[in-house]
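See below for the structure under consideration.
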Amino acid sequence: MAIDTSTISSANARAANTSTPQLNQGQSDELRQSFLTLLLTQLENQDPLKPMENAEMTSQLAQINTLSGIEQLNKTLNGITQQMNASKMLEASGLIGNAVLVPGNSVKVSVDDEGASHATPFGVELEQPAERVEITVRNQGGVALYTQQVENVSAGVQSFKWNGLSNDGEPLPEGDYRVSVKAFDAEGEEMGADPLNYALVQGVTPSQNNGEVRLDLGAVYGQVAIDQVKQIL
């Protein structure tokens with residue numbers, strides 16, 4: 001009587017395949033007990049003149065141990081993953097209350113009690129150094145109210161401040177504005193440039209799908225992955 005090796009192979013494949021539900025501890029113990037019961041039954045009922053080969057017995061025992069090893073490995077990996085997610089949450093929580101630059105083109109203008117205007121910072125991310133960067137701020141209707149040209153801008157993330165004044169020096173009304181950036185190399189060819197907007201980190205939360213840590217930037221900007229933070233201000 002030989003143990004059905006397809007049963008063992010199927011169980012091993014099920015334990016190794018992380019895309020399918022894993023056996024719980026009770027099911028696992030029951031399956032191992034069944035394997036051992038079958039093996040003992042085979043030993044008790046084997047033909048004395050044709051005993052089970054040592055290699056065959058060793059192979060079947062090895063498959064049972066492999067199943068146990070895979071389960072233990074999965075348990076260990078799950079524990080490591082949980083520790084890593086907790087570490088990411090702890091690290092991300094240090095950003096709460098901090099201002100950051102994330103992909104976006106929003107600029108908010110406010111006016112204080114003395115009538116002075118103030119604008120949130122913004123930024124640009126460049127793939128390579130730029131000979132010049134042209135910055136344009138527009139209102140919601142698309143009208144350009146402020147333009148600036150910056151020369152010799154390094155590659156990477158660069159932040160800018162704006163006083164909330166138009167090109168005529170007039171304070172702009174409170175509200176949301178849009179900033180666009182264009183970058184050019186030494187030959188005058190336009191190159192890649194991504195605008196970045198200011199946001200305040202209000203909280204952190206793990207994603208329900210993959211445990212990824214996400215930053216809560218409030219109702220206006222929603223949530224973003226932590227790797228979307230380009231600069232901490």
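The values are calculated or read from the model by the stated rules, or taken from the named source; none is laboratory data. Given the structure is predicted, the values throughout are model-derived calculations rather than measurements. In this analysis, Cβ positions are derived from the backbone assuming ideal geometry, glycine residues included, and neighbour counts consider all displayed protein chains.
If a residue has to be modelled with pLDDT of 90 or more, closer than 20 Å to Glu91 by Cβ and part of a strand (DSSP E or B) to count, how many in segment 167-214 make the cut?
Number of matching residues: 3.
Identify, from the list Asp194, Asp185, the residue that is surrounded by 15 or more Cβ atoms within 10 Å (Cβ to Cβ), touching an Asp or Glu at 6+ places or on another chain (Cβ under 6 Å) and within 19 Å of Val133 (Cα to Cα).
On the way: Asp185 fails: surrounded by 15 or more Cβ atoms within 10 Å (Cβ to Cβ).
Sole residue among the options that is surrounded by 15 or more Cβ atoms within 10 Å (Cβ to Cβ), touching an Asp or Glu at 6+ places or on another chain (Cβ under 6 Å) and within 19 Å of Val133 (Cα to Cα): Asp194.
Quick check on segment 124-135. Is at least one of its residues in a strand (DSSP E or B), of a type outside the set (Lys, Arg) and within 30 Å of Pro206 (Cβ to Cβ)? Spell out the reasoning first.
Kept after step one, since they are in a strand (DSSP E or B), are these residues of segment 124-135: 124-126, 130-135.
Next, only the ones that are of a type outside the set (Lys, Arg) stay: 124-126, 130-131, 133-135.
Still in the list and also within 30 Å of Pro206 (Cβ to Cβ): 125.
Yes, there is a match, as at least one residue in segment 124-135 is in a strand (DSSP E or B), of a type outside the set (Lys, Arg) and within 30 Å of Pro206 (Cβ to Cβ).
Can you confirm whether Val157 is of a type in the set (A, V, I, L, M), buried (at least 19 other Cβ atoms within 10 Å of the Cβ), at pLDDT 90 or above and more than 19 Å from the chain's Cα centre (by Cα)? Reasoning before the result, please.
Working: of a type in the set (A, V, I, L, M): yes; buried (at least 19 other Cβ atoms within 10 Å of the Cβ): no; at pLDDT 90 or above: yes; more than 19 Å from the chain's Cα centre (by Cα): yes.
Taking the combined requirement at face value, the residue does not satisfy it.
How about segment 104-132: which of its residues are within 19 Å of Ser180 (Cα to Cα) and loosely packed, with under 15 Cβ neighbours inside 10 Å? Spell out the reasoning first.
Here is the first cut: in segment 104-132, the ones within 19 Å of Ser180 (Cα to Cα) are 104-109, 118-132.
Selection gives Glu127, Gln128, Pro129.
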